[in-house]
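Here, each number is a calculation from the coordinates, and none is a lab measurement. Keep in mind that what you see is a predicted model, and the values were worked out from it rather than measured. So basically every Cβ, Gly included, is an ideal-geometry build from the backbone, and we count neighbours across all protein chains shown.
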Amino acid sequence: MLAFLAVREVTVPEDVRTRITECEDPDQLESWIRRAATARSVHDLFE
């Protein structure tokens, strides 16, 4: 997911990076990955 965001040139603050990397819920991660493919900001991941 962080790779998607990097390619899309979305800035990921350290607190958000930590939230993503520490998440252990596969369903949540899948949701974020799908959103990361079209996200324009990190806020788009968490809507």
For the range 32-47, give me each residue that is under 9 Å from the mean Cα position of the chain (by Cα) and more than 17 Å from Val7 (Cα to Cα).
Phe46
For the range 13-26, give me each residue that is under 16 Å from Glu47 (Cβ atoms) and either surrounded by fewer than 10 Cβ atoms within 10 Å (Cβ to Cβ) or in contact (Cβ under 8 Å) with a residue 12 or more places away in the chain (or both).
Val16, Ile20
